[in-house]
1. Rounded, prolate or oblate: which fits region 88-137, taking a ≥ b ≥ c as square roots of the Cα gyration tensor eigenvalues, rounded meaning a/c under 1.5, else prolate when a/b beats b/c?
2. Choose one of Ala119, Leu39, Val95: the residue whose Cα lies farthest towards the positive end of the charge dipole of region 33-121 (beta-carbon charges +1 Lys, Arg; -1 Asp, Glu; about the Cα centre).
3. Starting at 0 and stepping by 10 Å, how many percent of the alpha carbon pairs of region 156-229 end up in each bin?
4. Note the full-extension length gain between Ile190 and His101 as 0.36 nm times their separation in residues minus their Cα-Cα distance, in nm to one decimal.
5. Pop out the carbon and sulfur fraction of the accessible area of the chain as a percent, whole number, probe 1.4 Å.
6. I'm checking a number: the convex hull volume of the Cα atoms of the chain, normalised per residue, in Å³. What is it?
7. Only helical DSSP H runs with n ≥ 4 go in: add -39500 (n - 2.57) per run for the chain, normalise by residue count and round the 222 nm mean residue ellipticity to 500 deg cm²/dmol.
8. At a probe size of 1.4 Å, how large is the accessible area of Phe53, to the nearest 10 Å²?
Amino acid sequence: MQGRDKTSRIQVASECVETEGCLALSGGDPAGIGLDIALEAWSQRRAVPLPPFAIYADLNTLAARAQLIGLDVPLQAIAAPQSGSAEFAHALPVVHIANAHEVVPGKPSSGNGSAVIEAITRATADVAEGRAAALVTNPIAKHVLYAAGFSHPGHTEFLAELAARHFPGTAPVSVMMLAADELRVVPLTIHVALSRVPGLIDRGSIERTVRIMDAALRRDFGLSRPRIAVT
């Protein structure tokens, strides 16, 4: 993008062209590494290869970041993802969510907290309502989000609340899995002070977490007989 008008690289379309499996990627904090990761991932989409994804972020911030890190990434504005995007091969689909303040890489601003929260909320809604296949989240800076009304210890608990909104009558339990090819690990407690951990461990919480993990390993990882160790 060096030496070119950034607006000339932004193509506008009303929606992703339907292809199976479009992922919804929340942009995370615009001053953080998330935008860099998304731009680099799109640039490496053929080498990896990656399924199509749409990022929920500010178009102009993305264009500026691409120029800053030296990537030529055409951006395509979309209203909402469908089941995928045939355009993903030619441009990075973007659900535009405007930042309220100027973005300085490495310096998160509470003024942009509302946009970060909106990106997560809208991406989750598109997955829950069937417009996207799954949700992927970029990193957030929680300490600057609290001024914008964020009241959760982390992403995981916020997603549980959003799931409850979209599926009334359910009581989602948030479980975080760290996954590698050889091992998947689920912490029994998350986002709490170490001093509180002993009081949160009981037979019920262990059994509930193990059952959730067993179901996920069968459904999402294709393991017919998962082996689960508790430590």
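The values are calculated or read from the model by the stated rules, or taken from the named source; none is laboratory data. Keep in mind the model is a prediction, meaning the values are calculated, not measured. Quick reminder, even Gly has a Cβ in these numbers, built from the backbone with ideal geometry, and neighbours come from all protein chains shown. We work out accessible area using only protein heavy atoms, side chains counted, and drop any ligands, DNA or RNA first. Shrake-Rupley method; radii C 1.70, N 1.55, O 1.52, S 1.80 Å.
1. Numbers: a/c = 2.64, a/b = 1.57, b/c = 1.68.
In terms of gyration-tensor shape, oblate.
2. Of the candidates, Leu39 comes out farthest on the positive side.
3. 16, 44, 34, 5
4. Values: separation 89, 0.36 × 89 = 32.04 nm, distance 3.16 nm.
So the chain would gain 28.9 nm between Ile190 and His101.
5. Details: 6880 of 12640 Å².
Carbon-and-sulfur percentage of accessible area, whole number: 54.
6. Numbers: hull volume 34.9 nm³, N = 231.
Given the Cα convex hull of the chain, per-residue volume reads 151 Å³.
7. On the way: 7 runs with 73 residues, N = 231.
Calculated at 222 nm, the ellipticity per residue is -9500 deg cm²/dmol.
8. 20 Å²
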